[in-house]
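No value in this document is a laboratory result; all are computed from the given coordinates. As the structure is a computational prediction, the values presented were derived from the model and not from experiment. All Cβ positions, even for glycine, are placed from backbone atoms using ideal geometry, and neighbour counts span all protein chains on display.
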Amino acid sequence: MKKPVPLRNQSVMLALASLALMGVFPQSLLAQQQSSYKPPVDPAAAPPRVKAIVETINQRARELGLIAVSDDPEQAAFVRRRLNAQLTEDFGKLHSINVERIVPQSSGLSLDYKTLSDATADLKSRATRIKYNVPILQVVDKGEKIRYDENSDLASMLPELSRVISSFLGSPVFRLSSPNDAELRLKASRDLDGIIKLSETINRIAKRSTRATASN
């Protein structure tokens, strides 16, 4: 008959087992988090055009009093660096997705619905983040809301999406510093809304076409 293990020894064994588990699981969880996390692009490594856009955005926001003054300068500087890094990445991606995916698809003989679905989902996500992170683009628009028909032909919608992206990225509001740029800000805001809504519409069509192709 085995002797019962003393309570003290049981406690020691449990503690050793706990330490062993702590040595294994946090590392695996950390590895998973590190593999799934992708930090924003370093603003210093961004193309000059994108860096100029982000710098102008911040300058205009300060001139218009759209950036609140923080009581903690270090925290404010940290938040500003993170925001600038994310904006730099998002503006750069709008350009690269347009050039590398939308333009080739709009001029190709056949459409890759998976590519279009992924590209437009990314465009919508980044354009939406820009909309809510750039104060100078948060303007009141009393004009008619932009709408796109899901029954429209992708062959005509893709060139329009490319045009709106180019119009937004080429907006003078990202290059000029003028107190009378309300119309430019409104136009850029409308272009951004166009990117968001057109990307969403094309994404739905692409997903529907993918399902229809798979069922045949």
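Projected label points at residue 214 and residue 59, each 7 Å from Cα along the beta carbon direction, are separated by 4.9 nanometres.
Past the 23 Å Cα-Cα mark, which pairs from 51/145; 51/187; 51/197; 93/187; 142/187; 114/145?
Working: 51/145 31 Å; 51/187 21 Å; 51/197 26 Å; 93/187 21 Å; 142/187 12 Å; 114/145 29 Å.
The answer is 51/145; 51/197; 114/145.
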